[in-house]
1. Count, please, the residues in the stretch 116-161 that happen to be of a type in the set (A, V, I, L, M, F, W, C) and under 12 Å from the mean Cα position of the chain (by Cα).
2. Would you mind finding the one in Asn172, Asn141 that is at pLDDT 90 or above and in contact with a Pro (Cβ under 6 Å, 6 or more places away or on another chain)?
3. If you scan the stretch 1-28, which residues turn out to be touching a helix residue (DSSP H, G or I) at 6+ places or on another chain (Cβ under 8 Å), aliphatic (A, V, I, L, M) and over 27 Å from Pro66 (Cβ atoms)?
4. Out of the residues in the stretch 51-109 meeting the condition of being within 22 Å of Glu36 (Cα to Cα) and among the hydroxyl-bearing types (Ser, Thr, Tyr), tell me which one is surrounded by the most Cβ atoms within 10 Å (Cβ to Cβ).
5. I'd like to check something: does the stretch 22-39 contain any residue that is more than 24 Å from Ala187 (Cα to Cα) and either over 14 Å from the mean Cα position of the chain (by Cα) or open to solvent by 60 Å² or more (accessible area, probe 1.4 Å) (or both)?
6. What is the one condition in (1) at pLDDT below 95; (2) under 17 Å from the mean Cα position of the chain (by Cα); (3) over 28 Å from Leu206 (Cβ atoms) that Ser72 does not satisfy?
7. Which members of the stretch 195-234 meet the condition of being small (Gly, Ala, Ser), out of contact with any helix residue (DSSP H, G or I) (no Cβ under 6 Å at 6 or more places or on another chain) and either modelled with pLDDT of 90 or more or at negative phi (or both)?
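The values are calculated or read from the model by the stated rules, or taken from the named source; none is laboratory data. These numbers come from a predicted model, not from an experiment. Cβ placement follows ideal geometry from the backbone for every residue including glycine, while neighbour counts extend to all protein chains displayed. Quick note on the areas: whole protein, heavy atoms, side chains included, nothing else; ligands and nucleic acids left out. Shrake-Rupley method; radii C 1.70, N 1.55, O 1.52, S 1.80 Å.
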Amino acid sequence: HLREKVEKVFDRLAPRTFNGMKVLVKPNLLGPFRPELGFCTHPEVVRAVVRACLDRGAKVTVGDNPGHVNRSSTAVAQVTGILDASEGCFSPISDKVVRINGAESGLLLTISKAVLDADYLINVPVFKTHAGTYLSGAMKNLFGYVAGACKAQLHLSAPTREQFAEMICDINQVRRPDLHLIDALTALEGNGPTHGGTLRQVGQILASDNAVAVDSALAAMMGVDPLMLPVQKR
């Protein structure tokens, strides 16, 4: 059933064939959390996306930069179940980086080179609340473009919600995903992204080629005016 949903998304929004294109699948690999907690993208969503890409002839890489410097992305992927779900396509993407100045914030962004090298990029976040940005959806998930210690430094350099939102918008301009496929099988509400809250069963997959639009839909599902979200105000 999940695979059928993902196939319908690909049939409408993705190329019929990737013909050897380099496709980066970017889940939320926040940390070493079990799938049932709802903090990271569910592995079965990742598996369905990877198989759909492979079936269309893509050269697939699954990768993300977990929070905190001392977290191995491979170890995190193993705990979350995403390593197995990647069908042999998982790769640490923090080794090679490119440094870019944010257009609006002026902050130095250390971006994984794999993000810029991808011919096609699929953003696969999980639907949850976030203490800083209120919603962790399509736009916030791209903070995972940032590698290594730069994440912690950016938090210090952008301490207010408004500054952090500006920086997130800068990161979204670095490489806009070609497809956003949102894991809304569950939704975490409350003090997200990892500090408790209530996990609700939603059973949905949302998709768009527009991050602002799909995040607005997520906000509406939460009963929140999208313009309340700091990132949407930018």
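1. Total satisfying the criteria: 10.
2. Just one listed residue meets the conditions, Asn141.
3. Of everything in the stretch 1-28, nothing turns out to be touching a helix residue (DSSP H, G or I) at 6+ places or on another chain (Cβ under 8 Å), aliphatic (A, V, I, L, M) and over 27 Å from Pro66 (Cβ atoms).
4. Restricting to residues being within 22 Å of Glu36 (Cα to Cα) and among the hydroxyl-bearing types (Ser, Thr, Tyr), the top hit is Thr80.
5. Within the stretch 22-39, one or more residues are more than 24 Å from Ala187 (Cα to Cα) and either over 14 Å from the mean Cα position of the chain (by Cα) or open to solvent by 60 Å² or more (accessible area, probe 1.4 Å) (or both).
6. Just one mismatch for Ser72, condition (2).
7. Gly203, Ala213, Ala217, Ala220
Rundown of residues vs (1) in contact with a strand residue (DSSP E or B) (Cβ under 9 Å, 6 or more places away or on another chain); (2) within 14 Å of Ala118 (Cα to Cα), yes/no style:
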| site | (1), (2) |
| --- | --- |
| Val23 | yes, yes |
| Lys26 | yes, yes |
| Gly31 | no, no |
| Gly38 | yes, no |
| Thr41 | yes, no |
| Val49 | yes, no |
| Arg56 | yes, no |
| Gly67 | no, no |
| Ser91 | yes, yes |
